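Rule-based calculations on the coordinates, nothing more; no lab input. All values derive from a computational prediction rather than experimental measurement. No Cβ is skipped: glycine too gets one built from the backbone with ideal geometry, and neighbour counts run over all protein chains shown.
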Amino acid sequence: MRRQRKLKALVLVASLMVLGWVIGKSILTSPYFEIKVIRVKGTNRLPPKKILGWANIPSGQSIFQLNLRRIAKRISSSPLVKRAEVKRILPSTVLIRVEERMPFVYLFQKGSFYEVDDEGIILGKGKKSTDLPMIAGSGWSSRPEKIKLAVRILHAAEELGLSFSKIEMDNKGAMVGYFKNGPMIYLGERPHLACLSYLPLVLAAKGSKGRDIKYVDIRFHDQIVVGTE
């Protein structure tokens, strides 16, 4: 009896497996689930055709055969894309949603402008046609960590209501920040970002004998130096 029950159970499991395989194969090969529409959303500067080229989704493929993560990875491998998400919309539509990297600052090197996003990623050459700040000087291309540090400084300044128009670096890695109308800010090689929080108070004050502040030096860990000459 036990052997008969086990045999019946095995036959039932095998039958279900075969049935599942038949149903699965029929779904995968059914024209009803073939990809007919691919939608791209979230683009701003990138043309949808560019996104579709990176996605490289074969026409006529079953929507269930898509590797969504692999497609999203191919799209987001471009430095122009911050993140990508791919979804199935049954029965035959694929939705690609992207978030582009947008220019946050310009990098000026060797006579050319390069767009840099808010994470310090270089997007490529561009034309300085907006009021975005600029980072200039020598050595940026060989020091990508300095570009990201400059972006962090710009973020920190924005949170304080301050707007640098330019951050310049010399060949030793020391940085100086410039406002459109204001003093120079000596940032040094490793600027102490915590000291930036004192800048609004410092800039609101006047130097001794009523003279305007010419520069603020925050290169030192335990002090801020204010110059009026």
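What FRET efficiency, computed as 1/(1 + (r/R0)^6) with R0 = 35 Å and r the Cβ-Cβ distance, is obtained for Ala205 and His155, rounded to the nearest 0.05?
The value I calculate is 0.90.
Along the Cα→Cβ direction, 7 angstrom out, place labels at Gln223 and Arg83. What is the inter-label distance in nm?
Reported label-point gap for Gln223 and Arg83 is 4.5 nm.
Taking N as the number of residues in the stretch 33-100, what value does Rg over Cα atoms divided by 2.2 N^0.38 Å take? Mind showing how you got there, number by number?
Values: Rg = 11.1 Å, N = 68, 2.2 N^0.38 = 10.9 Å.
Here the Cα radius of gyration is 1.02 times the empirical estimate.
With 18 Å as the limit, write out which pairs from Lys50/Lys73; Lys172/Lys214; Lys36/Lys82; Lys73/Lys125; Lys41/Lys82; Lys125/Lys172 have Cα-Cα distances beyond it, or answer none.
In this structure, Lys172/Lys214; Lys36/Lys82; Lys73/Lys125; Lys125/Lys172 lie more than 18 Å apart at Cα.
Using only the alpha carbon atoms of the stretch 105-227, find the Kirkwood hydrodynamic radius as the inverse mean reciprocal pair distance, in angstroms to one decimal.
Radius from the Kirkwood sum: 14.9 Å.
So, R0 is 25 Å and r is the distance between the beta-carbons of Leu52 and Lys128; what FRET efficiency does that work out to, to 0.05?
Given R0 = 25 Å and the Cβ-Cβ separation, E is 0.25.
Apply 1/(1 + (r/R0)^6) to the Cβ-Cβ distance of Glu119 and His192, taking R0 = 22 Å, and write down the FRET efficiency to the nearest 0.05.
The calculated FRET efficiency here is 0.50.
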